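Below you'll find the structure, written out as structure tokens, and then a few comments.
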Amino acid sequence: MVIFLITFTVSSFISNSYAVQMTAVLSPQQNQAEPVFTANRFITLEYDPTSELAKKLATVNDNLRFQANASTPGMAELISGINKDIFTEQQSPILIENATIDYTATLRGSSDRLIMSYKVVFTPSISGFTLPSNSSESGGALVDLDWRGFFTNRSLEIQVPDIGNVSINYPISLLQVKFPEIAQQLNSSEAGDIFNTPLFNFEKISTPMERWHFLFDPTGSQASTAGSGYEELGGARVVSIFSLGESSFREGVMEAEESDAAAVIDGTNVDIHSSHPPPSGQIQIAGFATVSRNGNSEIAFVTENAPEGTITATGGFPLQVLLILAGMMAAVSVFVLWKARK
């Protein structure tokens, strides 16, 4: 069997790591993974440079940084809450068993504006994404993909030494720590919605997989050398790579989310602008993966090897790929029954 790859551009998928909101390497056999979710937000407050507020904020150069793990007070409740939201909203069976958090928020003032940036890296240890199926008959495994676009309105508070409880989900928490009087005024204005819009909103990562770019590396060597974090998992050397964020005629245009509001702070009119990067992500699956959709649910049917003659699945499936669909549908039937019972 000769399987080869015409083009491979993993490096371009991860060139802007700050904007990548989700990456995952999944092995159906191991059924455990550590995906990385990154929440980004940028908020700008513009004000009159001659105002008293400008004098107060012009020289601000501050940040709030901390890390959290299983031993951090509040982490157990945070994990439990997200597990409930994933199960309730996404109907996904995955379970977060542990997690780490890397929180960075900055404040940069100038004569006419204050720029606030947020970056929260959430790395959960998950299990249970490999679904029960009649794999012996279908010749492959089923991998649940619905968990990837989770969303939570919870405060997600953890206890930070020398600071106290901090919500890693609401942008207002940064101001509550650094400028509580400004936070109070913003909360009571129309801008309160912007500062209380959750950072942990990965719903756009649930963009249908048909809009994700698909590439298949038959050896895993190119994924490894591209620095994408791929490792040979579960005995599989081949890897299927799905990427989101590439704008094209087929995938469509991925756009940033932006919103505006106004407020009065210390008697000064302030214009507020919030922006969130376009959705982007990458999922690597050990084996050859074909995605199937049933209603709002998506799963990957994964086999150890690709059908003979497979080059790439983006833009249309080779005839040989269609030969595995009968086996996939047999496995999907088990998945549908499992979902129905939940």
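The values are calculated or read from the model by the stated rules, or taken from the named source; none is laboratory data. Just so it is clear, the structure is predicted and the values come from calculations on it, not from any experiment. When we count neighbours, we look across all protein chains shown, and the Cβ atoms used for this are built from the backbone with ideal geometry, even at glycine.
Of the residues making up the range 178-207, those that are more than 16 Å from Pro35 (Cβ to Cβ) and among the charged types (D, E, K, R) are Lys178, Glu181, Glu190, Asp193. Quick one: how many residues across the range 185-198 are part of a helix (DSSP H, G or I) and β-branched (Val, Ile, Thr)? The qualifying residues number 1. For the range 164-178, what are the residues that are touching a Leu at 6+ places or on another chain (Cβ under 8 Å) and outside any helix (DSSP H, G or I)? Passing the criteria: Val166, Ser167, Ile168, Asn169, Tyr170, Pro171.
For the range 1-50, the set of residues classified as part of a strand (DSSP E or B) and either of a type in the set (A, V, I, L, M, F, W, C) or at pLDDT below 50 (or both) consists of Met22, Ala24, Val25, Leu26, Ala33, Val36, Phe37, Ala39, Phe42, Ile43, Leu45, listed by residue number.
Go through (1) in contact with a strand residue (DSSP E or B) (Cβ under 9 Å, 6 or more places away or on another chain); (2) farther than 18 Å from His276 by Cβ; (3) of a type in the set (S, T, N, Q) for Thr23 and report which single condition fails. Condition not satisfied by Thr23: (2). Can you tell me which residue in the range 186-219 is surrounded by the fewest Cβ atoms within 10 Å (Cβ to Cβ), limited to those that are aliphatic (A, V, I, L, M) and out of contact with any Asp or Glu (no Cβ under 7 Å at 6 or more places or on another chain)? Per the stated criteria, the residue is Ile194.
Residues that are surrounded by 13 or more Cβ atoms within 10 Å (Cβ to Cβ) and polar (S, T, N, Q) within the range 70-81 comprise just one, Thr72. Filtered by the rule that a residue be assigned to a helix (DSSP H, G or I), surrounded by fewer than 16 Cβ atoms within 10 Å (Cβ to Cβ) and of a type outside the set (D, E, K, R), the range 82-105 gives a lone residue, Thr88.
Here Ile126, Ile182 are screened, and the one residue that is in a helix (DSSP H, G or I), aliphatic (A, V, I, L, M), modelled with pLDDT of 95 or more and more than 20 Å from Phe66 (Cα to Cα) is Ile182.
Looking across the range 134-160, the residues that are of a type outside the set (A, V, I, L, M), crowded, with 22+ Cβ neighbours inside 10 Å and part of a loop (DSSP other than H, G, I, E, B) come down to Gly140, Phe150. Can you confirm whether Arg154 is among the basic types (Lys, Arg) and either more than 15 Å from Asn201 (Cα to Cα) or at pLDDT below 95 (or both)? Taking the combined requirement at face value, the residue does not satisfy it.
Every listed requirement among (1) part of a strand (DSSP E or B); (2) of a type outside the set (S, T, N, Q); (3) within 24 Å of the chain's Cα centre (by Cα) is met by Arg108 save one, (3). Residues in the range 119-130 that are of a type outside the set (D, E, K, R) and surrounded by fewer than 21 Cβ atoms within 10 Å (Cβ to Cβ): Val120, Val121, Thr123, Ser125, Ser127, Gly128.
Would the range 159-172 turn up any residue that is over 30 Å from Gln29 (Cβ atoms), among the acidic types (Asp, Glu) and either in contact with an Asp or Glu (Cβ under 9 Å, 6 or more places away or on another chain) or at pLDDT 95 or above (or both)? No, the conditions are met nowhere in the range 159-172.
Restricting to the range 253-306, name every residue that is in a strand (DSSP E or B), small (Gly, Ala, Ser) and more than 16 Å from the chain's Cα centre (by Cα). Scanning the range 253-306 gives Ser259, Ala261, Ala262, Ala263, Ser274, Ser275, Ala286, Ala289, Ser292, Ser297, Ala300.
Applying the criterion of being in a loop (DSSP other than H, G, I, E, B) and touching a Leu at 6+ places or on another chain (Cβ under 8 Å) to the residues of the range 199-220, the residue that is modelled with the lowest pLDDT is Pro218.
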